[in-house]
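Structure first, then comments.
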Protein chains: 2
Amino acid sequence: MNGAESLVHTLVKSGLKTCFANPGTSEMHFVAALDRIPGLRCVLGLQENIVTGMADGYWRMSGRPAATLLHCGPGLANGLANLHNARRARSGIVNIVGDQATYHRPYDAQLTADTEGWARPVSAWVRTATDSRRVGQDAAVAVQAARTAPGGIATLILPADTAWNEGGEPAEALPVPAIQPPDPHAVRGAARLLREKRNVLILLGGPALRAEAQALAHRIATATGARVLAEMSNARVERGRGRLQLERVPYPVDAAVEALKDVEHLILVNSKAPVGFFAYPGKPSLHYPEGATVHPLTRYEEDCIAGLRALAEELGAPEVAVPDPGPRPEVARGAPTPEGLARTLAAVMPEGAIITDESVSFGRGFYPHTHAAPPHDWLQITGGAIGCGMPLATGAAIGAGGDRRVINLQADGSGMYTLQALWTQAREKLPVTTIILSNRKYQILIGEYQNVGANPGPTAMSMLDLGNPDLDWLQLAQGMGVEAARATTLEQCGDLLAQSCASNAPFLIELMI
Amino acid sequence: MNGAESLVHTLVKSGLKTCFANPGTSEMHFVAALDRIPGLRCVLGLQENIVTGMADGYWRMSGRPAATLLHCGPGLANGLANLHNARRARSGIVNIVGDQATYHRPYDAQLTADTEGWARPVSAWVRTATDSRRVGQDAAVAVQAARTAPGGIATLILPADTAWNEGGEPAEALPVPAIQPPDPHAVRGAARLLREKRNVLILLGGPALRAEAQALAHRIATATGARVLAEMSNARVERGRGRLQLERVPYPVDAAVEALKDVEHLILVNSKAPVGFFAYPGKPSLHYPEGATVHPLTRYEEDCIAGLRALAEELGAPEVAVPDPGPRPEVARGAPTPEGLARTLAAVMPEGAIITDESVSFGRGFYPHTHAAPPHDWLQITGGAIGCGMPLATGAAIGAGGDRRVINLQADGSGMYTLQALWTQAREKLPVTTIILSNRKYQILIGEYQNVGANPGPTAMSMLDLGNPDLDWLQLAQGMGVEAARATTLEQCGDLLAQSCASNAPFLIELMI
């Protein structure tokens, strides 16, 4: 058995089911092993940022790491932006990066690059295999690293000779370290704050945004008068009827500072105290008052459900139902507005829908209008590296098992970064509806430019405007095998969305905004 | 004057004319400065690997570094693959990478990443600006680094506050260190070898592939009986009638070893002794005989023209004309073959054409059939990171002044990596004809798979096949504003190519192979 075969056997033994791939020459023995050894579904992405973004979406919906198959340093480099987003989402991923044979590396052939150097900034764990006889063990440790709470990126670099040499030995799955229990001192400290202080904010992040944790947080808040908010950007929020009507910390500095101005005590539940996405001249980096105390209830590697439950019990907080969100909105009519699109979405989305949200500037206000939608999941771009939405939607569809409709709210400028994901949606026949928010400009940047103090002139607009020529998203989608239609009104958008949800195929709506 | 303004003034003073850009929030002050201060043409790319690939093509045709404008670590990461290719081409580029404000970086906001860490492996020079008052000086040093022979990548990271703070001072251009003269010992040693030994190969790379150097190498070879070859992958070769009928070291290991088996002495002229692109089991890493002596005539930082001239004079080699390549081929007919396409290209290309070649497996034999074409330039993918062709063609068109036809020979799988470049071709109205070699598979990898010893099964083919669904390149091109047509025969391809060369607009031909 060669090293590549021991690798595939080990990944299968370790519970992996899926490999997102864009292979090259140095990975041919791995590809051959995948061909011979059943157990891993292989999904091709036409560029590596599609591959890594799919692995992120897959983890967020399945809780299981996927393998990626990438080609040498530059192939990894192409996928770094979505690995950056995945790192910020704390997603577990096992990257397998093929590379030059160990003895060939010193010759510095054209494709030789600093693969480890590029991997390190996004990886919780990096190793370059050195011997085919230990590749199985290397892979088992990689999967363990990816699965260790809260989830992390493990990158195993596989020089070609460690794949093709004989002597490979499949390794058994290593135990995943149990998630750490909450710190009792932190629980008692939080309880004391909540009993004794006013203006306490409970900030939820990561797994604290699943329904069970939300209900516990609501129980605590109801008993104590504390507020509950979600972080600004979240890997996955369980939302809709039966879930808490959570709001997020706003993105714009002024709005965030206003929203948090009364906070005196901040209890963090797998979250981080809010800071600006960027700094701006004369504006604060911290979005909460400088004098506020910050109290972590549970850290990323700790069990937030147990922490919240212990806190609720410590407080003697009674059980309480989450509030009813009122009637489900109806499809809006006329020219697209953010509120109208959000209401249309709430009106049409099926129960169990997965919303992936790279709507950027247009979508900041979608939350309040979708609380009364059926239960659904909402996945955001977590690291700010645009080009996340389409691959995330694709991977989420696969990670959720293929029978839940994914609706990807996609800004056009960001969508152009990774449009190749549409082809994978067509090939894998995935139930993904992409709504392109087509304003033909980098609208967020025009706003930022105006904040600098002027309206953009012709040179600036040459870098901020996506017209001239206009992108035709129908042709782009159809060119990759995805059916598409254009909508100029919300009722058209609602009709197309409803039609697409009734099918199993991918579909794209270019919504002219 | 703020730091960003001092930066733009300094870039202009240092002779830069062009900025390839994909900006974000942290670069708004730089964008505003570009808007206010004339002198830099700003060209938008819809993803950063387009931006960096354009800068590479621009340098190769103009010999002048362009600036790139990239957004934070992930924006740089998106452009690393084509920076890797540019590094291997030894192209000069000045990357300006906006980043978090210096005082905001410790807060580790979502988009914060290890920008320097990602930049280092591709950069000859990296600096993070720390003070708006010194940004001008930083920029002048960056341009100097990019221009120092043979050319290099300089990356200046610009924290947002160093752009917006006042006190900026434009810096004068720094002198570019003169290219180093050849080492007289190396010249005399090469002359001795050529006089006394047989089976000497002169291997040309980099600027030694321009016409003047070729003519000198031919003069030396004619006088001494040495062979002359080009390296396998070259940034720019001046070819066609009046230039030397150079062949390249072949890509496949067996062919390369066969071509070099009689070499006893290797004289390197801005080149590197040939090694395998990849290692293969049981095949050598070195493609020349182990016992051969390797003698560098000129190194990358040295003047190869002066070196070759000194060598010709040392040898007393008489002036000699380069051989006539015979009659110009005619357009081939019928089903596309590599030879037929090469002959069609030679028949139709206008004088002064620029060929960018990412034809991968289909195009390896194009050289012999295009010697009798009119004088033209041939640009290859130099680092093996696919997705180079379309951005390279776009930047080459701009770097050549906009009046020379660029013909991009583009494998379909690689083309999908950076198809967004077509939009920039349409926006800038560039004379680029893209010929997509549409075989709907990663053909090179199917060959490599078969070399591993088997035919690919269904799982392997799911990662090697680009059909299901077929890509429709006409719709993809038209969706980005580029006219396109399909050809199934060489005469159709020849007609479409001729038509496109008669216009000033971009055009795409999907050639079904």
Q. Does A:A235 fit the bill of being open to solvent by less than 10 Å² (accessible area, probe 1.4 Å) and either among the hydroxyl-bearing types (S, T, Y) or modelled with pLDDT of 95 or more (or both)?
A. no
Q) Consider B:D35 against the criteria (1) within 9 Å of chain A (Cβ to nearest Cβ); (2) touching a residue at least 40 places away in the same chain (Cβ under 8 Å); (3) assigned to a helix (DSSP H, G or I): it satisfies all of them except one. Which criterion is unmet? A) (2)
Q. Taking the stated definitions as given, is B:E264 open to solvent by 10 Å² or more (accessible area, probe 1.4 Å) and farther than 24 Å from B:W59 by Cα?
A. yes
(Q) Give all pairs with beta carbons closer than 7 Å in which a residue from segment A:1-15 that is part of a helix (DSSP H, G or I) meets a residue that is among the polar types (S, T, N, Q); count only pairs at least 6 apart in sequence or on separate chains. (A) A:G3/A:S132; A:G3/A:T162; A:G3/A:N165
Q) Out of (1) within 12 Å of A:L7 (Cα to Cα); (2) touching a residue at least 60 places away in the same chain (Cβ under 8 Å), what's the single condition that is false for A:R134? A) (2)
Q. Before we move on, is B:P207 open to solvent by 30 Å² or more (accessible area, probe 1.4 Å), in contact with a Cys (Cβ under 7 Å, 6 or more places away or on another chain) and in the same structural domain as B:L308 (by TED's automatic domain parsing)?
A. yes
Q. Mind checking which residues of segment A:492-506 are open to solvent by less than 40 Å² (accessible area, probe 1.4 Å), assigned to a helix (DSSP H, G or I) and not polar (S, T, N, Q)?
A. A:C493, A:G494, A:L496, A:L497, A:C501
Q: Name the strands (runs of 3 or more DSSP E) wholly inside segment A:188-243 in which the number of residues that are touching a residue at least 60 places away in the same chain (Cβ under 8 Å) and closer than 20 Å to A:I407 by Cβ is 3 or more.
A: A:237-239
Q) Looking at A:T298, is it touching a helix residue (DSSP H, G or I) at 6+ places or on another chain (Cβ under 8 Å), of a type in the set (V, I, T), over 24 Å from A:N504 (Cβ atoms) and buried (at least 23 other Cβ atoms within 10 Å of the Cβ)? A) yes
Q: Provide a single number: the residues in segment B:122-146 that are open to solvent by less than 30 Å² (accessible area, probe 1.4 Å) and either over 20 Å from B:N78 (Cβ atoms) or part of a helix (DSSP H, G or I) (or both).
A: 13
Q: Return yes or no: is B:L156 assigned to a strand (DSSP E or B) and at pLDDT 95 or above?
A: yes
Q) Inside segment B:326-342, can you point out the residues that are in a helix (DSSP H, G or I) and in contact (Cβ under 8 Å) with a residue 40 or more places away in the chain? A) B:G340, B:L341
Q) Considering segment B:104-114 alone, what residues qualify as being assigned to a loop (DSSP other than H, G, I, E, B) and within 7 Å of chain A (Cβ to nearest Cβ)? A) B:H104, B:A109, B:Q110, B:L111, B:A113, B:D114
Q | Criterion: open to solvent by 20 Å² or more (accessible area, probe 1.4 Å), assigned to a loop (DSSP other than H, G, I, E, B) and more than 30 Å from A:C72 (Cα to Cα) - qualifying residue of A:A178, A:A149 | A | A:A178
(Q) Looking at the structure I just gave you, is B:T52 of a type in the set (V, I, T), open to solvent by 10 Å² or more (accessible area, probe 1.4 Å) and in contact (Cβ under 8 Å) with a residue 40 or more places away in the chain? (A) no
**Q.** B:L266 touching a strand residue (DSSP E or B) at 6+ places or on another chain (Cβ under 8 Å) and more than 14 Å from every other protein chain (Cβ to nearest Cβ)
**A.** yes
Q | Selection count, segment B:449-462, where residues are in contact (Cβ under 8 Å) with a residue 12 or more places away in the chain and open to solvent by less than 20 Å² (accessible area, probe 1.4 Å) | A | 1
Q: Could you look through segment A:446-464, keep only residues that are out of contact with any Leu (no Cβ under 8 Å at 6 or more places or on another chain) and more than 7 Å from chain B (Cβ to nearest Cβ), and pick out the one that is farthest from B:T25 (Cα to Cα)?
A: A:P458
**Q.** In segment A:25-42, the residues that are open to solvent by less than 10 Å² (accessible area, probe 1.4 Å) and of a type outside the set (D, E)
**A.** A:M28, A:F30, A:V31, A:A32, A:A33, A:L34
Q) Quick one: would you say A:A66 is over 18 Å from B:A77 (Cβ atoms), more than 8 Å from every other protein chain (Cβ to nearest Cβ) and buried (at least 24 other Cβ atoms within 10 Å of the Cβ)? A) yes
Q. Can you tell which of A:L308, A:L201, A:L193 is more than 27 Å from A:G92 (Cα to Cα), at pLDDT 95 or above and open to solvent by less than 10 Å² (accessible area, probe 1.4 Å)?
A. A:L201
(Q) Pairs please, first residue from segment A:433-447 and crowded, with 20+ Cβ neighbours inside 10 Å, second anywhere and assigned to a strand (DSSP E or B) and among the polar types (S, T, N, Q), Cβ atoms under 8 Å, 6+ apart in sequence or on different chains. (A) A:T433/A:N408; A:T434/A:N408; A:T434/A:Q410; A:I435/A:N408; A:I435/A:Q410; A:I436/A:Q410; A:L437/A:Q410
Q.
Quick check on segment B:368-388. Is at least one of its residues free of Cβ contacts under 8 Å to residues at least 60 places away in the same chain and open to solvent by less than 10 Å² (accessible area, probe 1.4 Å)?
A. no
Q: Could you list, in sequence order, all residues of segment B:4-17 that are more than 12 Å from chain A (Cβ to nearest Cβ), in contact with a Leu (Cβ under 8 Å, 6 or more places away or on another chain) and open to solvent by less than 20 Å² (accessible area, probe 1.4 Å)?
A: B:L7, B:L11, B:S14, B:L16
Q: Scan A:L46, A:L76 and give me the residue that is outside any helix (DSSP H, G or I) and in contact (Cβ under 8 Å) with a residue 60 or more places away in the chain.
A: A:L46
Q: Hey, could you check segment A:468-486 for residues that are open to solvent by less than 50 Å² (accessible area, probe 1.4 Å) and touching a Pro at 6+ places or on another chain (Cβ under 8 Å) and say which is farthest from the other protein chains (Cβ to nearest Cβ)?
A: A:V482
Q: Evaluate segment A:86-103: report whether one residue or more is outside any helix (DSSP H, G or I), open to solvent by 20 Å² or more (accessible area, probe 1.4 Å) and not charged (D, E, K, R).
A: yes
**Q.** Out of B:G45, B:G73, sole residue that is more than 18 Å from the chain's Cα centre (by Cα), of a type in the set (G, A, S) and open to solvent by less than 10 Å² (accessible area, probe 1.4 Å)
**A.** B:G73
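The values are calculated or read from the model by the stated rules, or taken from the named source; none is laboratory data. Given the structure is predicted, the values throughout are model-derived calculations rather than measurements. Glycine also receives a Cβ, built like all others from the backbone with ideal geometry; neighbour counts cover every protein chain displayed. Surface areas here come from the heavy atoms of the whole protein model, side chains and all, with no ligands, DNA or RNA. Shrake-Rupley method; radii C 1.70, N 1.55, O 1.52, S 1.80 Å.
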